[in-house]
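**Q** Supplied in structure tokens, the structure appears directly below.
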Amino acid sequence: MFKLIPQPIKIFTDKSVTGFVLTDNTTVSAFDFSDDLIVFVKKVLHKEIKASNGDCLISLIIDDNFKYDEGYSLKCENNKVNIVSKTENGLFYGIQTLKQMLLQSGGNIPYTEIFDFPRFAYRGYMLDCGRYFYSVNDIKRIIELIALHKINILHWHLTEDQGWRIEIKKYPLLTEKGSVRSHTNFNRKSHGGFYTQEEIKEVVEYCHKHKIKVIPEFDVPGHNVAAIACYPYLSCFERSLEVATHWGVKRDILCAGKESTYGFVYDVLDEIMELFPDKIIHIGGDEAFKERWKICPHCQKAIKENNLHDENDLQMFFMSKVNDYLASKGYSSLMWGNDTEGGTDNLSSKIAWTIYKPHCNDEMIKKELERGRKLINSKNKTFYLDFPYGWTSLSDVCNSDGALTEKDEDTYGVEACMWTEYVPDMKKLEFMTFPRLGAIAENAWSPKNSSNFMDKVKDYCKLLDAYEVRYAPLNKANPSFIYKHFSSIWFKRRVFHWERIHIHFDNKKVKKLSKNYDK
Ligand SMILES: [Zn+2]
């Protein structure tokens, strides 16, 4: 009878037996996340339940013998609800399931037994705050909504060509200057914003309360025009640039041949590590074009001195060096995978990959798995939430699977990605994220083909309604052929700009500059 998202492993309901009726006298075991249920019940069922340290009608029980770390069991019988897990995370997920049961039953739940644990350990949501700044309150709302889906990772993209968002005390210009772009794709108004270190701590704490780990991203060596605009010495030819205003892959990246670049990267990481206690950092590694490195004396010297093949190899060396630095402090790292055209012989296998390009083939995956690399599936065709519904409809997401190979254990997890260049505010973000995130969450948590999301989508939308989510209506989430066609053309307008012409002439300028560059 219940239509739950994500689908639990096992559920048994006997409608003829009353399991539990929620009243104003209901109590729930006191944990720091109990108010998640209390607030929901008040809003949806208009009942005032309380948290208590004594015997409760909704008991949350930690049991060290429970087999699965994030799993839980839930039983409604004799007018009691017992949720049992090995960890607080499991209890929190039990509450998320209970919320949907209360909503669908109006607070009168028949006898039910549930046993549940996740398919993948890593269930992520990536938020790009580099293109558009989202306030702390916006982010808190996103955290509440993804927690509802049993997502356990917020991958927080904090540095970009178009804006530097995290306060770094040693380099104050990064936020004074690097956090503002003079205009955007949409208008001539400037856009900016950044998070103070205190605000970052507030977000991390809020995530932890919702059983979500936070992985900050400091993207290197590409996507650093905002940093170079503040500190030109970070680039190959000490170029004087402005914070990028438009979308597109920029050619000026961090110089991989100068010690001063590594000094900067390590200093920034030192402050980041202080703020993010979950011990994982995403170090980017994507879309690092090598035009500058090819003609930079520092980069060429680094290639020779370290017996590297070429510029691609230099990038692998760069990423590994940054990973080693983090490892020396007890942190592990992630990078965007399969931007490694030159091979991965010089890339530490300790760096996990978020795979985003769909062409990452079976052979590549097999090779990296043999090396011991952890792989996360963020292939854009399925997991990029900024793609219009005309490109990736809700049905497309439902029909895709999160596993990268035939065996689930080869895939560390899945991650939904919200790039924001064309998503400037919460209204658009919610429209693009939901209802697709429901199908992705099911992909991340539930066994393959264990239920049909589309059969449950109406109940799922009622859950979203309870949270006042501005999701895409089903006719737009699964668009008609004509709508699909036009939304695709509208989205592709982003390639119609002067970027390529600009790059052509700018490359010529830098070539000239390099001839007179004497360092
Ligand atoms: Zn260089």
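**Q** So how many residues does segment 143-152 have that are in a loop (DSSP other than H, G, I, E, B) and either in contact with a strand residue (DSSP E or B) (Cβ under 7 Å, 6 or more places away or on another chain) or of a type in the set (Val, Ile, Thr) (or both)?
**A** Final tally of qualifying residues: 3.
**Q** From the list 169, 201, 140, which one is part of a loop (DSSP other than H, G, I, E, B) and either over 30 Å from residue 45 (Cβ atoms) or charged (D, E, K, R) (or both)?
**A** That would be 169, the only listed residue that is part of a loop (DSSP other than H, G, I, E, B) and either over 30 Å from residue 45 (Cβ atoms) or charged (D, E, K, R) (or both).
**Q** Tell me, please, whether a residue that is among the acidic types (Asp, Glu) and either touching an Asp or Glu at 6+ places or on another chain (Cβ under 9 Å) or closer than 26 Å to residue 45 by Cα (or both) can be found in segment 485-508.
**A** Scanning segment 485-508, I find at least one residue that is among the acidic types (Asp, Glu) and either touching an Asp or Glu at 6+ places or on another chain (Cβ under 9 Å) or closer than 26 Å to residue 45 by Cα (or both), so the answer is yes.
**Q** At least 1 residues that are closer than 23 Å to residue 423 by Cα and out of contact with any Gly (no Cβ under 9 Å at 6 or more places or on another chain) in each: list the helices (runs of 4 or more DSSP H) lying fully within segment 437-519 that qualify.
**A** 453-466, 474-477, 481-492
**Q** So how many residues does segment 285-303 have that are more than 10 Å from the ligand (Cβ to nearest atom) and either aromatic (Phe, Trp, Tyr) or touching a His at 6+ places or on another chain (Cβ under 6 Å) (or both)?
**A** 1
**Q** For residue 325, which of the numbered conditions (1) more than 14 Å from the ligand (Cβ to nearest atom); (2) on the phi < 0 side of the Ramachandran plot; (3) without any contact (Cβ under 8 Å) to a residue 12 or more places away in the chain fails to hold?
**A** (3)
**Q** What residue, among those in segment 350-388 that are within 26 Å of residue 274 (Cβ to Cβ) and of a type in the set (D, E, K, R), is surrounded by the most Cβ atoms within 10 Å (Cβ to Cβ)?
**A** 374
**Q** Is one or more of the residues making up segment 245-268 at pLDDT below 95 and in contact with a strand residue (DSSP E or B) (Cβ under 8 Å, 6 or more places away or on another chain)?
**A** Yes, there is a match, as at least one residue in segment 245-268 is at pLDDT below 95 and in contact with a strand residue (DSSP E or B) (Cβ under 8 Å, 6 or more places away or on another chain).
**Q** Given the criterion at pLDDT 95 or above and in contact with a Pro (Cβ under 6 Å, 6 or more places away or on another chain), identify the matching residue among 441, 466.
**A** 441 is the lone residue from the list that is at pLDDT 95 or above and in contact with a Pro (Cβ under 6 Å, 6 or more places away or on another chain).
**Q** Mind checking whether some residue in segment 244-256 is away from the ligand (no atom under 13 Å from the Cβ), surrounded by fewer than 23 Cβ atoms within 10 Å (Cβ to Cβ), closer than 17 Å to residue 161 by Cα and free of Cβ contacts under 8 Å to residues at least 24 places away in the same chain?
**A** Checked segment 244-256: no residue is away from the ligand (no atom under 13 Å from the Cβ), surrounded by fewer than 23 Cβ atoms within 10 Å (Cβ to Cβ), closer than 17 Å to residue 161 by Cα and free of Cβ contacts under 8 Å to residues at least 24 places away in the same chain.
**Q** With the requirement that a residue be among the acidic types (Asp, Glu) and within 22 Å of residue 457 (Cβ to Cβ), what does segment 389-414 give you?
**A** Residues of segment 389-414 among the acidic types (Asp, Glu): 396, 401, 406, 408-410.
Residues satisfying the conditions are 396, 401.
**Q** Only one of (1) modelled with pLDDT of 95 or more; (2) under 24 Å from residue 499 (Cα atoms) is not met by residue 322, so which one is it?
**A** Answer for residue 322: the failing condition is (2).
**Q** Pairs only if they're at least six apart or on different chains, beta carbon under 7 angstrom, first in segment 167-181 and closer than 18 Å to residue 245 by Cβ, second surrounded by fewer than 18 Cβ atoms within 10 Å (Cβ to Cβ) and among the β-branched types (Val, Ile, Thr); list them, first residue then second.
**A** 181/245
**Q** If you don't mind, there's one more thing I want to ask. Which of the following residues is at pLDDT 95 or above and either part of a strand (DSSP E or B) or of a type in the set (D, E, K, R) (or both): 92, 115, 120, 133?
**A** Residue meeting the stated conditions: 115.
**Q** If you don't mind, another one. If you take the residues of segment 327-349 that are under 20 Å from the mean Cα position of the chain (by Cα) and at pLDDT 90 or above, which of them is surrounded by the most Cβ atoms within 10 Å (Cβ to Cβ)? Walk me through how you get there before you give the answer.
**A** Of segment 327-349, the ones under 20 Å from the mean Cα position of the chain (by Cα) are 331-339.
Then keep just the ones that are at pLDDT 90 or above; that gives 331-336.
On the way: 331: 17, 332: 15, 333: 24, 334: 26, 335: 24, 336: 23.
Within segment 327-349, the match that is surrounded by the most Cβ atoms within 10 Å (Cβ to Cβ) is 334.
**Q** Keeping to segment 290-326, report how many residues are among the basic types (Lys, Arg) and touching a Gly at 6+ places or on another chain (Cβ under 9 Å).
**A** Qualifying residue count for the region: 1.
**Q** I'm checking my understanding of the structure. Among residues of segment 151-175 that are surrounded by fewer than 24 Cβ atoms within 10 Å (Cβ to Cβ) and of a type in the set (Lys, Arg), which one is nearest to the chain's Cα centre (by Cα)?
**A** Filtering segment 151-175 for residues that are surrounded by fewer than 24 Cβ atoms within 10 Å (Cβ to Cβ) and of a type in the set (Lys, Arg), the one nearest to the chain's Cα centre (by Cα) comes out as 169.
**Q** Let me ask another. Do you know which residues across segment 263-282 are farther than 17 Å from residue 199 by Cα and surrounded by fewer than 17 Cβ atoms within 10 Å (Cβ to Cβ)?
**A** Of everything in segment 263-282, those that are farther than 17 Å from residue 199 by Cα and surrounded by fewer than 17 Cβ atoms within 10 Å (Cβ to Cβ) turn out to be 263, 266, 267, 270, 279.
**Q** While we're on this one: Do we have residue 237 as assigned to a helix (DSSP H, G or I), within 14 Å of the ligand (Cβ to nearest atom) and in contact (Cβ under 8 Å) with a residue 60 or more places away in the chain here?
**A** Judged against the criteria, residue 237 is not a match.
**Q** Then there is this: Only one of 303, 228 is in contact with a strand residue (DSSP E or B) (Cβ under 6 Å, 6 or more places away or on another chain) and β-branched (Val, Ile, Thr). Can you tell me which?
**A** 228
**Q** Which of the residues belonging to segment 98-112 are surrounded by 21 or more Cβ atoms within 10 Å (Cβ to Cβ) and in a strand (DSSP E or B)?
**A** If the condition is that a residue be surrounded by 21 or more Cβ atoms within 10 Å (Cβ to Cβ) and in a strand (DSSP E or B), then 109, 112 are the ones that fit.
**Q** Which one of 288, 229 is buried (at least 16 other Cβ atoms within 10 Å of the Cβ), touching a Leu at 6+ places or on another chain (Cβ under 8 Å) and either at negative phi or not in a strand (DSSP E or B) (or both)?
**A** Just one listed residue meets the conditions, 229.
**Q** Does residue 362 satisfy the condition of being modelled with pLDDT under 95, farther than 28 Å from residue 509 by Cβ and more than 16 Å from the ligand (Cβ to nearest atom)? If you could, list the steps in order and put the result at the bottom.
**A** On the way: modelled with pLDDT under 95: yes; farther than 28 Å from residue 509 by Cβ: yes; more than 16 Å from the ligand (Cβ to nearest atom): yes.
Here the answer is yes, as residue 362 does meet what is asked.
**Q** Can you tell me which residues in segment 304-322 are within 15 Å of the ligand (Cβ to nearest atom) and touching a residue at least 60 places away in the same chain (Cβ under 8 Å)?
**A** Within segment 304-322, 315, 317, 318 qualify.
**Q** Within segment 70-96, which residues are farther than 13 Å from residue 20 by Cβ and touching a residue at least 40 places away in the same chain (Cβ under 8 Å)? Steps first, please.
**A** We begin by selecting, within segment 70-96, every residue farther than 13 Å from residue 20 by Cβ; these are 70-73, 84-96.
Those that are farther than 13 Å from residue 20 by Cβ and touching a residue at least 40 places away in the same chain (Cβ under 8 Å): 70, 71, 72, 73, 88, 89, 91, 92, 93, 95, 96.
The values are calculated or read from the model by the stated rules, or taken from the named source; none is laboratory data. Predicted, not measured: the structure shown is a model, and the values here were computed from it. In this analysis, Cβ positions are derived from the backbone assuming ideal geometry, glycine residues included, and neighbour counts consider all displayed protein chains.
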